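The values are calculated or read from the model by the stated rules, or taken from the named source; none is laboratory data. All figures in this text were calculated on a predicted structure; none of them were measured in a lab. Here Cβ is always computed from backbone atoms with ideal geometry, including for glycine, and neighbour counts include all displayed protein chains.
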Protein chains: 2
Amino acid sequence: MVATVAANCAIGVDVGGTKVLVAAIDESLGVHHRVTQSSRGLDGTGLLDRLAEMVREAADAAPGEVVGAGFGIAGIFDGKAGVIASSPHLPLAGLPFEAMMAERLEVPVSVDNDGNTAMLAEWRHGAAKGAGDALMLTVGTGIGGGMVVGGRLERGSSRGGAEFGHMVIEFDGPLCECGGHGHFEWYASGNAIGRAGQELAAREPGCPLALGAADRPLTGALVTEMAHDGDGGCIDAIAQVGGRLGQGMVSLVNAFNPELIVVGGGAIAAGELLLGPARAVVESEALPSLGTNVSIVPAHFGADAGMVGAATLAFEAAGA
Amino acid sequence: MVATVAANCAIGVDVGGTKVLVAAIDESLGVHHRVTQSSRGLDGTGLLDRLAEMVREAADAAPGEVVGAGFGIAGIFDGKAGVIASSPHLPLAGLPFEAMMAERLEVPVSVDNDGNTAMLAEWRHGAAKGAGDALMLTVGTGIGGGMVVGGRLERGSSRGGAEFGHMVIEFDGPLCECGGHGHFEWYASGNAIGRAGQELAAREPGCPLALGAADRPLTGALVTEMAHDGDGGCIDAIAQVGGRLGQGMVSLVNAFNPELIVVGGGAIAAGELLLGPARAVVESEALPSLGTNVSIVPAHFGADAGMVGAATLAFEAAGA
């Protein structure tokens, strides 16, 4: 009797500043069970409990053996101290996340920054496959990052690097949630798209966006939806944020000389409405020989890159 | 009869935006003959001729066999095209420098960006010796850079990376010589110290700096000299530039998570007057776990780092 062997699975978890994405993912990257919940309104322990519950739900629905759970977390790791040092959008600062999650789950736990897991997914299987020098920007609540330098995924001296959202693009600029000022993510995140929309609605109370926001929150998602429907004001609002995204990319291109910048995160739903203006700024503002050597592309895995990379991390930890 | 074998030497050449430093350097890094000339007022061929002449002068004075000449050049390399793609402060854009210099000299020629050679000197022999993740800033006419990431000197996908002077620290800021806007080097170079001094002298025509500038040019060097002599206005001018230097370092710390930032170039003559204010900004503005993990130190080789690294490059090319 020949048994049908079901594909091994890993549970990928993307813990973002607004929501948590979880799925059971097989080795061919098939997504088998997807769970989404808010990451807001809980304390650290509450969030850990919710994450464990979501992982168990996905594991129960997985079509094969679950070899591990990988977590990509919107937080700054301190590899020396073994904790999440800070997490401006999440209540996880100071927590030894990996150890606490291992207590809650029966499967092996792997943990990394969410920008790093997104970079891993795109580098192993997606838009940056095989690249020697590539950067990842996950544009969502804030901006996360990941970096492949000289053919290796690099994390910096204490595992806290690639925090591109916290580069200064305007000194003495607005206060960032991290305590710094004028940071890239303030100008170019999904939140920034929402803010540009709010400014538009305040300026033109009769505009379609302002009317559309009467019965739902005016977020970046709404602005993006209406921009895709052809609303000129919303298209302009996204273009303005795309231009700022390009300014931060100029810093990245001139510093890293990457062949590729991959853009994922929730805000990539805006697609070329966001990337087109960013590309135009890089073309006109980056050092010419570097600006012409770089491609700026959407994540192959779109807003799922962090989650798919978290599962990839778990597979690699299991030796798969 | 036992012959006394003289130490092998390499000629190190630092081609900066204002001046050229050349020396014959032995394998123990002893400096045997030093030549300094202006890099200004010549076209590309004229500058190449002058550099070759300076190398020959140093080689003639070298106490042992000359194994090669290394050049650290303030220009952006295009490794794919084999040329210096651009060099805002030098007339070398578009030239295949290595090939043209090899025609002029009898010894092997090695060429790299001057920030990379400075990083090489400090990483092999100086302040960053043995570091896994370290960055170099050469603060002179502009700001050059070098990067050690994951234990390797990295240059980016087309050998043009680590151009930290061209990171955006204020979008829509003043025009940079490279064509971009609001770049780091506009705010935090030796030129920026000179500009801060000129503003001070214009504001207070009777101040010691303004009087001191009556019979010599008001440059960053003069401001630095008078600051070391205790002039409060000049100390403040350097502190202002040091603060901007810190803003760019915040971007670098949050992106690279280095254990060390080494500062060289002519402006490091200002020493702690420049680095102290920079450190204070990094402490208050960088992500806490990254800002506390980084040391900001002067180059062991001071303003000679680029030149010593160029010689190191030549030694390594010769297999020494």
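So is residue B:119 over 14 Å from residue B:313 (Cα atoms), away from every other protein chain (no Cβ under 12 Å), buried (at least 20 other Cβ atoms within 10 Å of the Cβ) and not β-branched (Val, Ile, Thr) or not?
no
Of the residues A:161, A:165, which is without any contact (Cβ under 8 Å) to a residue 60 or more places away in the chain, surrounded by 24 or more Cβ atoms within 10 Å (Cβ to Cβ) and at the interface with chain B (Cβ under 7 Å from one of its Cβ atoms)? Working first, answer last.
Values: A:165 fails: at the interface with chain B (Cβ under 7 Å from one of its Cβ atoms).
Of A:161, A:165, the one residue that is without any contact (Cβ under 8 Å) to a residue 60 or more places away in the chain, surrounded by 24 or more Cβ atoms within 10 Å (Cβ to Cβ) and at the interface with chain B (Cβ under 7 Å from one of its Cβ atoms) is A:161.
Could you grab me the full set of residues in the range B:65-93 that are more than 9 Å from chain A (Cβ to nearest Cβ), closer than 21 Å to residue B:179 by Cα, in contact with a strand residue (DSSP E or B) (Cβ under 8 Å, 6 or more places away or on another chain) and not β-branched (Val, Ile, Thr)?
B:74, B:75, B:87, B:90, B:92, B:93
Of all residues in the range A:73-106, which are hydroxyl-bearing (Ser, Thr, Tyr) and part of a loop (DSSP other than H, G, I, E, B)? Show your work before the answer.
Going through the range A:73-106, the residues hydroxyl-bearing (Ser, Thr, Tyr) turn out to be A:86-87.
Answer for the range A:73-106, where residues must be hydroxyl-bearing (Ser, Thr, Tyr) and part of a loop (DSSP other than H, G, I, E, B): just A:87.
Hey, among A:308, A:297, A:263, which residue is buried (at least 24 other Cβ atoms within 10 Å of the Cβ), under 30 Å from residue B:176 (Cα atoms) and hydrophobic (A, V, I, L, M, F, W, C)? Spell out the reasoning first.
Working: A:308 fails: under 30 Å from residue B:176 (Cα atoms); A:297 fails: buried (at least 24 other Cβ atoms within 10 Å of the Cβ).
None of the other options fit; the residue is A:263.
Identify all residues within the range B:254-283 that are among the aliphatic types (A, V, I, L, M) and within 19 Å of the chain's Cα centre (by Cα); write none if there are none. It would help to see each step written out before you state the result.
Keep residues of the range B:254-283 that are among the aliphatic types (A, V, I, L, M), which gives B:255, B:260-263, B:267-270, B:273-275, B:278, B:280-282.
Within the range B:254-283, B:260, B:261, B:262, B:263, B:267, B:268, B:269, B:270, B:273, B:274, B:275, B:278 qualify.
Table: residues versus (1) in contact with a strand residue (DSSP E or B) (Cβ under 6 Å, 6 or more places away or on another chain); (2) under 28 Å from residue A:20 (Cα atoms).
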{"site": "A:196", "(1), (2)": "no, yes"}
{"site": "A:201", "(1), (2)": "no, no"}
{"site": "A:215", "(1), (2)": "no, yes"}
{"site": "A:220", "(1), (2)": "no, yes"}
{"site": "A:234", "(1), (2)": "no, yes"}
{"site": "A:238", "(1), (2)": "no, yes"}
{"site": "A:255", "(1), (2)": "no, no"}
{"site": "A:263", "(1), (2)": "yes, yes"}
{"site": "A:266", "(1), (2)": "no, yes"}
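Residues to consider are B:263, B:223; find the one that is at pLDDT 95 or above, closer than 24 Å to residue A:164 by Cβ and away from chain A (no Cβ under 14 Å).
B:263
Could you go through the range B:170-177 and let me know if any residue there is small (Gly, Ala, Ser), more than 9 Å from chain A (Cβ to nearest Cβ) and surrounded by fewer than 22 Cβ atoms within 10 Å (Cβ to Cβ). It would help to see each step written out before you state the result.
Step one: filter the range B:170-177 for residues small (Gly, Ala, Ser), giving B:173.
Next, from what is left, pick out any that are more than 9 Å from chain A (Cβ to nearest Cβ): none.
Within the range B:170-177, not a single residue is small (Gly, Ala, Ser), more than 9 Å from chain A (Cβ to nearest Cβ) and surrounded by fewer than 22 Cβ atoms within 10 Å (Cβ to Cβ).
In the range B:105-114, is there at least one residue being within 14 Å of chain A (Cβ to nearest Cβ) and at negative phi?
yes
Do you know which of the residues in the range A:87-120 that are small (Gly, Ala, Ser) and in contact with a helix residue (DSSP H, G or I) (Cβ under 6 Å, 6 or more places away or on another chain) is nearest to residue A:301 (Cα to Cα)?
Only one residue fits best here, namely A:118.
Give the residue, chosen from A:52, A:6, that is at pLDDT below 95 and either more than 29 Å from residue A:160 (Cα to Cα) or touching a helix residue (DSSP H, G or I) at 6+ places or on another chain (Cβ under 6 Å) (or both).
A:6
Let me confirm something: among A:246, A:276, which residue is surrounded by 24 or more Cβ atoms within 10 Å (Cβ to Cβ), outside the structural domain of residue A:73 (by TED's automatic domain parsing) and under 19 Å from residue A:196 (Cβ atoms)?
Numbers: A:276 fails: surrounded by 24 or more Cβ atoms within 10 Å (Cβ to Cβ).
Step by step, each of A:246, A:276 is checked, and only A:246 is surrounded by 24 or more Cβ atoms within 10 Å (Cβ to Cβ), outside the structural domain of residue A:73 (by TED's automatic domain parsing) and under 19 Å from residue A:196 (Cβ atoms).
Need the failing condition index for residue B:79 against (1) surrounded by 23 or more Cβ atoms within 10 Å (Cβ to Cβ); (2) within 20 Å of residue B:144 (Cβ to Cβ), just the number.
So residue B:79 meets the others, but not (1).
Identify, please: which residue in the range A:43-69 is in contact with a Pro (Cβ under 9 Å, 6 or more places away or on another chain) and not in a helix (DSSP H, G or I) and is, among those, surrounded by the fewest Cβ atoms within 10 Å (Cβ to Cβ)?
Within the range A:43-69, the match that is surrounded by the fewest Cβ atoms within 10 Å (Cβ to Cβ) is A:43.
Applying the selection to the range B:132-166, what residues are among the aliphatic types (A, V, I, L, M) and over 26 Å from residue B:241 (Cβ atoms)?
Kept after step one, since they are among the aliphatic types (A, V, I, L, M), are these residues of the range B:132-166: B:134-137, B:139, B:143, B:147-149, B:153, B:162.
Residues satisfying the conditions are B:149, B:153.
List the number of the failed condition for residue B:230; all other conditions in (1) in a loop (DSSP other than H, G, I, E, B); (2) within 9 Å of chain A (Cβ to nearest Cβ) hold.
(2)
Determine which member of the set A:236, A:215 is in the same structural domain as residue A:135 (by TED's automatic domain parsing), at pLDDT 95 or above, farther than 30 Å from residue B:144 by Cα and among the charged types (D, E, K, R).
A:236
Of all residues in the range A:32-42, how many are buried (at least 17 other Cβ atoms within 10 Å of the Cβ) and either basic (Lys, Arg) or touching an Asp or Glu at 6+ places or on another chain (Cβ under 8 Å) (or both)?
2
Which of the numbered conditions does residue B:127 fail, given that it passes all the others? Conditions: (1) more than 30 Å from residue B:28 (Cβ to Cβ); (2) in contact (Cβ under 8 Å) with a residue 40 or more places away in the chain; (3) more than 7 Å from every other protein chain (Cβ to nearest Cβ); (4) among the hydrophobic types (A, V, I, L, M, F, W, C).
Every condition holds for residue B:127 apart from (1).
Let's see how each residue does on (1) over 20 Å from residue B:116 (Cα atoms); (2) more than 21 Å from the chain's Cα centre (by Cα); (3) buried (at least 19 other Cβ atoms within 10 Å of the Cβ); (4) not hydrophobic (A, V, I, L, M, F, W, C):
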residue	(1), (2), (3), (4)
B:149	no, no, yes, no
B:182	yes, no, yes, yes
B:189	no, no, yes, yes
B:193	yes, no, yes, no
B:201	yes, yes, yes, no
B:215	yes, yes, no, yes
B:219	yes, no, yes, yes
B:226	yes, yes, yes, no
B:236	yes, yes, no, yes
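Tally the residues that are of a type in the set (D, E, K, R) and facing chain A (nearest Cβ under 9 Å), restricting the search to the range B:266-293.
At the first step, the residues of the range B:266-293 found to be of a type in the set (D, E, K, R) are B:272, B:279, B:283, B:285.
Of the ones still in play, those that are also facing chain A (nearest Cβ under 9 Å) are B:285.
Going through the range B:266-293 one residue at a time, the tally reaches 1.
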